[in-house]
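See structure below.
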Amino acid sequence: MGINNLFSAGGVVMVPLLGFSVLAVGLIIERLRFWLKVNQRQNRVVRDILNLYRRDNVVSAIDGLRKNADLPIARIFLTALELEEPTPEEFRLALESEAQAEIPLLKRFQTIFDTIISLAPLLGLLGTVLGLIASFASLNLGDVGGSQTAGVTGGISEALVSTAAGLVVAIFTLMFANTFRGLYQRQMALIQEYGGELELLYRRRYERGGEKSYASTR
């Protein structure tokens with residue numbers, strides 16, 4: 001059965017299912033590009049920034065973050081490092097608040113994926129019901145095996161095709177949605193790890209500055 005025949009055999013529910021499939025593919029491509037960019041550059045950028053900051057080269061660290069401001073973790077670090085002489089508590093709060101602000105970007109389109117995963121099988125089930133209704137409507141007990149057989153067969157075909165199409169769309173979207181959910185969880189863990197390391201470096205630097213100020217007053 002060709003694509004055109006398959007689409008026509010599925011009935012009216014194939015139209016929204018086609019729309020869902022096109023939407024899902026477009027959003028999946030966008031998310032794949034986003035996570036590919038993050039995973040390719042993030043570790044190298046963070047390692048370089050932490051090394052610069054560890055050597056007290058704060059200006060170069062901030063410049064490096066600004067050049068990579070398209071990365072979520074770079075924006076998180078930049079928000080904290082651009083504060084003017086914050087206390088360690090203020091520094092930590094800046095990291096945490098900016099990390100919370102980045103969550104919608106990291107989880108982008110997740111609600112749409114969940115909606116497609118939920119609705120696609122239901123639309124397939126609706127097509128099944130409509131196909132069975134058409135089959136029974138075409139059935140004439142006095143004409144078994146006669147001219148009504150084509151209508152019954154068409155209704156059953158509509159029921160089976162629409163169900164299969166709904167499941168395919170849902171399974172395809174679910175596979176990528178779970179992948180993106182795993183990448184999000186891994187990213188949040190890395191943000192906590194790298195953010196904790198930067199906070200520790202800042203606390204040490206802050207305490208050294210306090211010790212120097214105390215020594216100068218004696």
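Please treat every number below as a calculation from the coordinates, not as lab data. Predicted, not measured: the structure shown is a model, and the values here were computed from it. Neighbour counts run over all protein chains shown; Cβ positions are idealised from the backbone, glycine included.
Go from 0 up to the bin containing the longest alpha carbon distance in the range 52-94, width 10 Å each, and give me the % of pairs per bin.
30, 57, 13
What's the local net charge at residue 51, with K and R +1, D and E -1, over the other residues with C-beta under 12 Å away?
Spelling it out: positives minus negatives among the neighbours equals +1.
Enumerate the calculated ³J(HN,Hα) couplings along the range 117-125 in order (Karplus 6.51 cos²θ - 1.76 cosθ + 1.60, θ = phi - 60°), each rounded to whole Hz, writing x wherever the residue is Gly or Pro.
Per-residue couplings from phi come out as 4, 7, 7, 4, x, 5, 5, x, 5 Hz.
Within a Cβ distance under 13 Å of residue 181, other residues only, what is the Lys/Arg minus Asp/Glu net charge?
After counting each charged neighbour, the total is +3.
In the neighborhood of residue 197, defined by Cβ-to-Cβ distances under 14 Å, what is the net charge if each Lys or Arg adds +1 and each Asp or Glu adds -1?
Its environment carries a net charge of +3.
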